[in-house]
Amino acid sequence: MICPKCNFEQPDGMPECARCGVIFAKFKPPADRGGCPEETRLPPAAVPTSSRGLHFRMWELLTATEPGEPSAFTVGRGVLLAFLLVWGCRFIIASISSGYAAATPLHLVHLPFHEAGHILFGVLGIRFLAVLGGTLGQLIIPVIIICAFIVRRNPFGGAVGLWWLGQSFMDVAIYANDARSGQLMLIGGVTGSEVEDYHDWEIMLGKLGWLTYDHLIARLFYAFGALLILFALMWGGILVWRQLQLLIAERTQR
């Protein structure tokens, strides 16, 4: 069957469109709502995509599901989502002072991008940007991953990337929270309190005159990261549920 709203082709018997989510039983053509006569309206396929609105196109990108996908993919995504749910909750309930968000193997994943950011932004010759580049490096890479998956019409990959971005913000929060105390062990086997002008966040907040706000800034980073993780889990859950519905409908038609 073809969706009367977005013209997406899908198996017969679906209660709602797998792409735009419209419920077929409740959908009424424009003519039934007092619109222009049938002969003056363009068929759905001829309606320019731009006329649907940016929000509609974004919704299509963020919730795209594909018919005919192997059931193993859907199950695998469900298992991965369950794992991210449990681990994400562990990050959220942990306190900043516990340092848990920066004490998992994910910290080792962030570290190369953090150090590469120092080098990349250091090319500009501005010390502040070179120091800030470490934090930017570990945040920019997940954003690039999210965009790449969405462009390739793999929104579930984008949801996982968003989860990673949220955890990266939490990792940064642990570092920012240590700006004044300087107790975290840094690369080189020393702490910020042992070596002067070495701790990224001590340098940045000191230059800005915000050093006394290190704990507040850390809490903001941590809370924002938690929100991103929760949003990523909801996004991934919607995608797995929609794909599961599509899979069930396809099996029913066989």
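The values are calculated or read from the model by the stated rules, or taken from the named source; none is laboratory data. Computed from a prediction, not measured in an experiment: that's the story for all the values here. Reconstructed Cβ throughout: ideal geometry from the backbone, glycine too, with neighbour counts over all protein chains shown.
Can you say whether residue 249 is crowded, with 20+ Cβ neighbours inside 10 Å and part of a helix (DSSP H, G or I), as far as the supplied structure shows? No; evaluated as a whole, the condition is false for this residue.
Considering 228, 184, 211, the condition of being out of contact with any Phe, Trp or Tyr (no Cβ under 8 Å at 6 or more places or on another chain), in contact (Cβ under 8 Å) with a residue 24 or more places away in the chain and either buried (at least 20 other Cβ atoms within 10 Å of the Cβ) or of a type in the set (A, V, I, L, M) (or both) is satisfied by 211 alone.
Scanning region 58-102 for residues that are under 23 Å from residue 179 (Cβ atoms), in a loop (DSSP other than H, G, I, E, B) and in contact (Cβ under 8 Å) with a residue 24 or more places away in the chain yields a total of 3.
Considering only region 168-186, I want to know if a residue exists there that is under 15 Å from residue 91 (Cβ atoms), touching a Leu at 6+ places or on another chain (Cβ under 6 Å), polar (S, T, N, Q) and modelled with pLDDT of 95 or more. There is at least one residue in region 168-186 that is under 15 Å from residue 91 (Cβ atoms), touching a Leu at 6+ places or on another chain (Cβ under 6 Å), polar (S, T, N, Q) and modelled with pLDDT of 95 or more.
Evaluation of residue 241 against the conditions (1) free of Cβ contacts under 8 Å to residues at least 24 places away in the same chain; (2) more than 25 Å from the chain's Cα centre (by Cα); (3) not in a loop (DSSP other than H, G, I, E, B) shows that the sole unmet condition is (2). Determine whether residue 210 is under 19 Å from residue 142 (Cβ atoms), assigned by TED's automatic domain parsing to the domain that holds residue 96 and among the hydrophobic types (A, V, I, L, M, F, W, C). No: the conditions fail for residue 210. Just wondering, is there one or more residues in region 96-104 that are at pLDDT 90 or above, under 24 Å from the mean Cα position of the chain (by Cα), within 30 Å of residue 248 (Cα to Cα) and not aliphatic (A, V, I, L, M)? No, region 96-104 contains no residue that is at pLDDT 90 or above, under 24 Å from the mean Cα position of the chain (by Cα), within 30 Å of residue 248 (Cα to Cα) and not aliphatic (A, V, I, L, M). Which condition breaks for residue 179 when tested against (1) in a helix (DSSP H, G or I); (2) surrounded by 22 or more Cβ atoms within 10 Å (Cβ to Cβ); (3) not polar (S, T, N, Q)? Failing condition for residue 179: (1).
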